[in-house]
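One structure below.
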Amino acid sequence: MPNASLDTPDAVKRFQQAKEAFIAEWGVVGSNWGINRTMAQIHALLMVSPLPLSTDDVMRELHASRGNAHANLKELMDWGLIRSVIKKGDRKEYFEAEKDVWKMFCTISRQRKRREVEPVQRVLAKCEQDTRGLDCPEALAFHQQVKALGEFVQTISSLLDNVSCDGKRNAISMILKLVC
């Protein structure tokens with residue numbers, strides 16, 4: 001089959017539909033993971049864009065307000081998933097996403113650990129410490145449950161550390177061991 005270029009209206013339409021479907025679905029997946037839908041859609045748009053985009057470009061592509069686009073671009077930068085790009089002679093700020101899927105996965109793993117796992121670890125450790133030595137049956141059961149949860153969360157934390165720090169091959173091997 002010959003290469004389909006974007007020279008024909010049909011090719012342009014098929015490309016645009018595929019791009020829009022990907023961006024929409026990435027937004028749904030993001031929502032399922034507890035991430036703002038627009039933030040996930042902006043991330044998707046920047047991932048598939050061959051060139052950096054300005055806030056105006058993002059607003060136009062996603063029909064988002066300036067405030068919504070700006071806030072979500074800032075949050076994506078805080079996550080380390082996109083970076084600001086300056087174009088010489090242009091006063092606008094442009095943004096590009098990390099294109100390396102493995103680096104993106106590692107960044108997300110580190111951020112989720114920092115934002116979700118570590119706070120839970122701190123609460124569980126404090127609850128375990130606060131109930132250590134209490135001898136009523138309810139407190140003992142609570143202490144044991146919190147301790148077991150803390151050990152489990154520590155295992156998840158260690159796994160996330162290994163996945164985000166090890167090389168791709170080692171991490172994939174470790175993941176396969178867990179699921180097989």
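What follows draws every value from the coordinates through simple rules; no lab data is involved. Predicted model only: the values in this text are computed from it and were never measured. Cβ coordinates were reconstructed from backbone atoms using ideal geometry, including for glycine residues, and neighbour counts include every protein chain displayed.
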(request) Helix by helix through the chain, keep the DSSP H runs that span 15 Å or more along the axis on Cα and average at least 0.0 on Kyte-Doolittle, and give those back in order. (result) 37-48, 137-165, 168-179
(request) Divide by every residue of the chain the summed helix terms, -39500 (n - 2.57) for each DSSP H run of at least 4, and state the resulting mean residue ellipticity at 222 nm, rounded to the nearest 500 deg cm²/dmol. (result) -23000 deg cm²/dmol
(request) Assign unit charges at the C-beta atoms only (+1 for Lys and Arg, -1 for Asp and Glu), then state the dipole size of the chain relative to its Cα centre in Debye, rounded to the nearest 20. (result) 400
(request) Determine the shape class of the range 9-97: with a ≥ b ≥ c the square roots of the Cα gyration tensor eigenvalues, call it rounded for a/c under 1.5, and otherwise prolate if a/b is greater than b/c, oblate otherwise. (result) oblate
(request) Starting from the range 27-108, pick out the trypsin sites (Lys or Arg not before Pro) whose DSSP state is loop and whose Cβ has at most 14 other Cβ atoms within 10 Å. (result) LYS87, LYS88, ARG91, LYS92, LYS99
(request) Would you calculate the separation in nanometres between label points at GLU116 and GLN129, each defined as 7 Å from the Cα along the Cα-to-beta-carbon direction? (result) 2.6
(request) Hand me the chymotrypsin sites (Phe, Trp or Tyr not before Pro) from the range 1-76 located in a DSSP loop with no more than 13 other Cβ atoms within 10 Å, in residue order please. (result) TRP33
(request) Work out how much length CYS136 to TRP33 would gain on full extension: take 0.36 nm times their residue separation and subtract the Cα-Cα distance, in nm to one decimal. (result) 33.2 nm
(message) Straight-line reach from LYS74: which lysines fall under 19 Å, measuring Cα to Cα and dropping same-chain residues less than 8 apart?
(response) LYS87, LYS92, LYS99
(request) Excluding residues on the same chain fewer than 8 positions from LYS147, give the lysines whose Cα lies under 24 Å from its Cα. (result) LYS113, LYS126
(message) Can you sort SER157, SER65, SER109 from fewest to most other Cβ atoms within 10 Å of each residue's own Cβ?
(response) SER65, SER157, SER109
(request) Rank the residues HIS70, HIS43, HIS143, HIS63 as a footprinting-exposure proxy: fewest other Cβ atoms within 10 Å of their Cβ go first. (result) HIS63, HIS70, HIS143, HIS43
(message) Calculate the FRET efficiency for ALA24 and ARG60 from the Cβ-Cβ distance with a Förster distance of 22 Å, rounded to the nearest 0.05.
(response) 0.85
(message) If you take every residue apart from ILE23 with its C-beta less than 14 Å away from the C-beta of ILE23, what net charge results, scoring Lys and Arg +1 and Asp and Glu -1?
(response) -1
(request) Mind jotting down a quarter of the surface of the convex hull over the alpha carbons of the chain, in square nanometres, one decimal? (result) 16.3
(message) Please list, ordered by chain and number, the residues whose modelled amide H lies under 5 Å from the amide H of SER54; skip anything fewer than 5 residues away on the same chain.
(response) PHE95
